[in-house]
Amino acid sequence: MRVVFMGTPEFSVPTLTEIVSAGHEVVAVYTRAPKPAGRGQAERKTPVHETAEAFGIPVFTPRSLRGEAEQAQFASLGADVAVVVAYGLLLPKPILEAPEYGCLNLHGSLLPRWRGAAPIQRAIMAGDKQTGIVVMQMDEGLDTGAMGPTEIIPIAPDMTAGELHDQMMRLGADLMGRALAALERGSLEFTPQPASGETYATKIDKAEARIDFAQPAEHVHNLIRGLSPFPGAWFELELGGKPVRIKALRASLAEGGGTPGTLIGDGLTIACGSGAVRLTQVQREGKGVMDAATFLRGAGTLPGKVA
């Protein structure tokens, strides 16, 4: 099949690779424009951009798809289908309707739960016990299109957003590969989303990342794993007479209690509004990621109340 692929981050790369490996003709790749990055602020291409170039696929990086010129260029590609995986730009109606079979999106939730920008993080932050990944026929709404092949994914009690991301990345590539094979056979089917049960996964705000230990331990635990590894839930701890930001990257629920924000027992166990959490992996500002034992050896005597 003639495929246009539209994606940007590392999450999108395995799906592009799968499509190429399956023998489809990827006539073009659309991704976000290079951005300045690093100390030198040199322009850095997206992971999808670099992968496409390695495959010798033409790459387009428009800043919008609303202009007539961009839409005409897209239509001229004569694609059978467009595959969209974390692209980052809205697709107007002329783009959605240009390919013969429309645009297929790989979305990381069990729709209609967690439509929107951050479904992986929001599912964990909400304490969901399962999520999934679905191939969706795109329409003009926000993740409102009909659903095709779906994989259900259990969320383990201590699973982080990073771990779920990587699992979805692998499963999603295989799922989209199977969806395109079914489309080629004429057997790909879609069903409308349920009329109720929708929730919205709004973009993560930096203000959400500060840990409030007055919240119940389960809430704190879910925040930590939902924001790990990025942007990282954090608290401040006085070290060397000044407050230092500490990211909590891994944790588990723990026994005990006390004044919220107080160290209790052994290790890096902190009392919450109810219950406690044991931090097992942290990152001190300006330092690398370390386990709790290593952090405690380097931190010296800690105050009773850490946050």
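A few remarks follow.
- The condition of being acidic (D, E), open to solvent by 40 Å² or more (accessible area, probe 1.4 Å) and free of Cβ contacts under 8 Å to residues at least 40 places away in the same chain holds for only one of E198, E184, E218, E163, that being E163.
- The residue that is most open to solvent (accessible area, probe 1.4 Å), among those in the range 41-69 that are of a type in the set (V, I, T) and in a loop (DSSP other than H, G, I, E, B), is T61.
- Residue count, the range 236-251 (criterion: open to solvent by less than 30 Å² (accessible area, probe 1.4 Å) and at pLDDT 95 or above): 4
- Applying the criterion of being charged (D, E, K, R) and in contact (Cβ under 8 Å) with a residue 24 or more places away in the chain to the residues of the range 84-134, the residue that is most open to solvent (accessible area, probe 1.4 Å) is K129.
- Condition check for S228 on (1) small (G, A, S); (2) surrounded by 11 or more Cβ atoms within 10 Å (Cβ to Cβ); (3) under 19 Å from D143 (Cβ atoms): one failure, at (3).
- Test result for F230, part of a loop (DSSP other than H, G, I, E, B), aromatic (F, W, Y), within 29 Å of E151 (Cα to Cα) and under 26 Å from the mean Cα position of the chain (by Cα): yes
- Count of the range 15-40 residues, restricted to those that are of a type outside the set (S, T, Y) and open to solvent by less than 40 Å² (accessible area, probe 1.4 Å), is 10.
- Residues (open to solvent by less than 80 Å² (accessible area, probe 1.4 Å) and not hydrophobic (A, V, I, L, M, F, W, C)) located in the range 172-181: G172, D174, G177
- When the residues of the range 201-215 are filtered to those that are touching a residue at least 60 places away in the same chain (Cβ under 8 Å) and surrounded by 15 or more Cβ atoms within 10 Å (Cβ to Cβ), the one that is nearest to G108 (Cα to Cα) is A201.
The values are calculated or read from the model by the stated rules, or taken from the named source; none is laboratory data. From a predicted model like this one, the values you see are computed outputs, not experimental measurements. Counting neighbours? That spans all protein chains shown, and the Cβs are built from the backbone with ideal geometry, glycine included. SASA here: full protein model, heavy atoms, side chains in, ligands and nucleic acids out. Shrake-Rupley method; radii C 1.70, N 1.55, O 1.52, S 1.80 Å.
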